[in-house]
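The values are calculated or read from the model by the stated rules, or taken from the named source; none is laboratory data. Note that this is a predicted model, so its numbers are computed, not measured. All Cβ positions, glycine included, derive from the backbone under ideal geometry; neighbour counts span all protein chains shown.
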Amino acid sequence: MTENLSVEQRGLRESATYDRTTIAAIQRAAETGIYDIRGWGAKRKLPHFDDLLFLGASMSRYPLEGYRERCDTDVVLGGRNAKYPLHLSTPVTIAGMSFGALSAGAKEALGRGASEVGTSTTTGDGGMTPEERGQSKHLVYQYLPSRYGMNPDDLRKADAIEVVLGQGAKPGGGGMLLGQKISERVAGMRTLPQGIDQRSACRHPDWTGPDDLAIKINELREITDWEKPIYVKVGASRTYYDVKLAVHSGADVVVVDGMQGGTAATQEVFIEHVGIPTLAAIPQAVQALQELGVHREVQLIVSGGIRNGADVAKAMALGADAVAIGTAALIALGDNDPRYAKEYEALGSAAGYYDDFQDGRDPAGISTQDPELSARFDPVLGGKRLANFLRVMTMEAQTIARACGKAHLQHLEPEDLVAITIEAAAMARVPMAGTNWIPGSGL
Ligand SMILES: Cc1cc2nc3c(=O)[nH]c(=O)nc-3n(C[C@H](O)[C@H](O)[C@H](O)COP(=O)(O)O)c2cc1C
């Protein structure tokens, strides 16, 4: 008699501890004996930008008129030492995602979209492709622990260099690229065998600490004639100390990637259990820069879960100079598009849930090296879609900044923000809405 009743109507209760996802994970592990690897970032609910709200101006503050009054969005990155700092029209940049994880067409589209709106894109754990270089006005070249695709000529072709020490999805860990994505071209660029799983190193083999990093940064400057800004990217964990050490080592720009940050492939246990939320990392980074007297002189780029203009504005109000996006950019290109719903289902996933970037069977042709699947992706159209998305993000951030009375996105400040949860208030170091209370500050 109960067959027509819903689970709730039957009085069944799902365990919060052993919920269905947990049960499925145990069953999968028991069946296969293999730990789960996936892409994307942390999926658990964490304190995030949604837990913050802006205090729009009214009487005590004066808003700017949306259609008549300017609100600038430009940013200069890397002026501390570089002869040619990057001048970007919007503070929303594209994060490093490797050729290998992504198809050559997807990399090209990232360059096209970024260039159309005057922002930068970044190579990744797989070197620089000519298509990407050709279509990117501002290209940041990653110098990675894996050294995959490392090529001194490409260093010179880049507009900036990003020394990657870690990623928010896996601080302390190395990346993975499974054999099915190691095509002849990918293998050639990484000088590794085709079709065999590749695990990248978790740390740079030729230095062990900040003193060595300072030497490495100087080497990079010398071989590129002191022309290019040098970024240092860290996964958010002991952010206050890491940012201080990065600055002492000579970084012109520090990139802090929070726990929600995407990855092409990592162990699920790592993604969900290592690192700290983006929201918690920003004030630590800003404090470190302020104490060294270099906030705004050494720019801070924040990434990890940035999805819209409100997130951009919030990150900037907390003290970031710019942000970087990965997952949202892939979605803008067409990843997880409901158009491919049936094909995602055939892979055991669903549009909106597809995170098996490592599998190389992406029906959207983005996270794959399969020639037939990649051919489905149109880099020109993908670039247009990304440019649209970047414009929307920038305009959304401007809308908020004007409402707070700011003529430049960089004028947003912590005072413009309140929190709606105690956790977010404590992490972001802004008061709970309607109070002066910042938990943990003694105020
Ligand atoms: C498909 C994919 C590939 C990535 N590859 C790299 C990489 O090669 N090097 C790197 O430093 N970070 C890599 N990342 C991380 C991004 O640079 C960035 O830190 C992260 O995606 C930001 O978080 P978001 O995805 O929530 O925007 C990758 C991320 C994705 C989604």
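What about ALA106, is it buried (at least 22 other Cβ atoms within 10 Å of the Cβ), touching a residue at least 40 places away in the same chain (Cβ under 8 Å) and either polar (S, T, N, Q) or in contact with a strand residue (DSSP E or B) (Cβ under 6 Å, 6 or more places away or on another chain) (or both)? It is false that ALA106 is buried (at least 22 other Cβ atoms within 10 Å of the Cβ), touching a residue at least 40 places away in the same chain (Cβ under 8 Å) and either polar (S, T, N, Q) or in contact with a strand residue (DSSP E or B) (Cβ under 6 Å, 6 or more places away or on another chain) (or both).
For segment 18-126, which strands (runs of 3 or more DSSP E) that fit wholly inside it have 3 or more residues that are closer than 26 Å to VAL234 by Cα and more than 14 Å from the ligand (Cβ to nearest atom)?
Hits in segment 18-126: 75-77, 86-88.
Remark: GLY66 falls outside the filter, which requires a residue to be within 24 Å of GLU184 (Cβ to Cβ) and either touching a residue at least 40 places away in the same chain (Cβ under 8 Å) or small (Gly, Ala, Ser) (or both). Every condition in (1) under 22 Å from ASP321 (Cβ atoms); (2) touching a Pro at 6+ places or on another chain (Cβ under 8 Å); (3) β-branched (Val, Ile, Thr) holds for VAL254 except the one numbered (2).
Table: residues versus (1) loosely packed, with under 15 Cβ neighbours inside 10 Å; (2) among the acidic types (Asp, Glu).
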{"position": "GLY126", "(1), (2)": "no, no"}
{"position": "GLU132", "(1), (2)": "no, yes"}
{"position": "HIS138", "(1), (2)": "no, no"}
{"position": "GLN142", "(1), (2)": "no, no"}
{"position": "GLY149", "(1), (2)": "no, no"}
{"position": "VAL163", "(1), (2)": "no, no"}
{"position": "PRO171", "(1), (2)": "no, no"}
{"position": "ILE196", "(1), (2)": "yes, no"}
{"position": "ALA201", "(1), (2)": "yes, no"}
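Considering segment 120-131, and only residues there that are under 15 Å from the mean Cα position of the chain (by Cα) and either modelled with pLDDT of 95 or more or of a type outside the set (Asp, Glu) (or both), the residue that is nearest to ARG147 (Cα to Cα) turns out to be GLY124.
If you go through segment 352-377 and keep only what is assigned to a helix (DSSP H, G or I) and charged (D, E, K, R), you end up with ASP359, GLU372. Answer yes if at least one residue in segment 281-300 is within 19 Å of GLY41 (Cα to Cα), in contact with an Asp or Glu (Cβ under 8 Å, 6 or more places away or on another chain) and within 14 Å of the ligand (Cβ to nearest atom), and no otherwise. For segment 281-300, residues within 19 Å of GLY41 (Cα to Cα), in contact with an Asp or Glu (Cβ under 8 Å, 6 or more places away or on another chain) and within 14 Å of the ligand (Cβ to nearest atom): absent. Checking each residue in segment 350-380 for being small (Gly, Ala, Ser), farther than 16 Å from GLN180 by Cβ and within 16 Å of the ligand (Cβ to nearest atom) picks out GLY352, ALA364. Across segment 352-378, the number of residues qualifying as of a type in the set (A, V, I, L, M, F, W, C) and within 22 Å of GLU272 (Cβ to Cβ) comes to 1. Being assigned to a helix (DSSP H, G or I) and farther than 16 Å from GLY319 by Cβ is the filter here; which residues of segment 409-424 pass it? ILE422, GLU423 - these are the residues of segment 409-424 that are assigned to a helix (DSSP H, G or I) and farther than 16 Å from GLY319 by Cβ.
One residue is enough: does segment 71-80 have a residue meeting the conditions surrounded by 15 or more Cβ atoms within 10 Å (Cβ to Cβ) and farther than 30 Å from GLN167 by Cβ? Before you say what the answer is, go through the steps one by one.
Step one: filter segment 71-80 for residues surrounded by 15 or more Cβ atoms within 10 Å (Cβ to Cβ), giving 71, 73, 75, 77-80.
Okay, now just the ones that are also farther than 30 Å from GLN167 by Cβ, so 71.
Yes, there is a match, as at least one residue in segment 71-80 is surrounded by 15 or more Cβ atoms within 10 Å (Cβ to Cβ) and farther than 30 Å from GLN167 by Cβ.
Regarding ASP311, is this residue within 11 Å of the ligand (Cβ to nearest atom) and either over 18 Å from the mean Cα position of the chain (by Cα) or farther than 22 Å from ASP125 by Cα (or both)? Yes, satisfied. A single member of VAL269, VAL186, VAL274, VAL256 is touching a helix residue (DSSP H, G or I) at 6+ places or on another chain (Cβ under 7 Å) and not small (Gly, Ala, Ser), and it is VAL256.
Okay, residues lined up against (1) modelled with pLDDT of 90 or more; (2) assigned to a helix (DSSP H, G or I); (3) within 18 Å of ASP359 (Cβ to Cβ):
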| residue | (1), (2), (3) |
| --- | --- |
| LYS170 | yes, no, no |
| GLY174 | no, no, no |
| GLN180 | no, yes, yes |
| LEU192 | no, no, no |
| ILE196 | no, no, yes |
| THR208 | no, no, no |
| ASP212 | yes, yes, no |
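Among all residues of segment 22-42, there is at least one that is farther than 23 Å from GLN358 by Cβ and surrounded by 12 or more Cβ atoms within 10 Å (Cβ to Cβ). Which of the residues spanning segment 280-307 are surrounded by fewer than 24 Cβ atoms within 10 Å (Cβ to Cβ) and within 13 Å of the chain's Cα centre (by Cα)? ARG307 - this is the single residue of segment 280-307 that is surrounded by fewer than 24 Cβ atoms within 10 Å (Cβ to Cβ) and within 13 Å of the chain's Cα centre (by Cα).
Just the residues that are in contact with a Lys or Arg (Cβ under 9 Å, 6 or more places away or on another chain), within 15 Å of GLY235 (Cβ to Cβ) and assigned to a loop (DSSP other than H, G, I, E, B), please, taken from segment 147-168. Correct list: LEU165, GLY166, GLN167.
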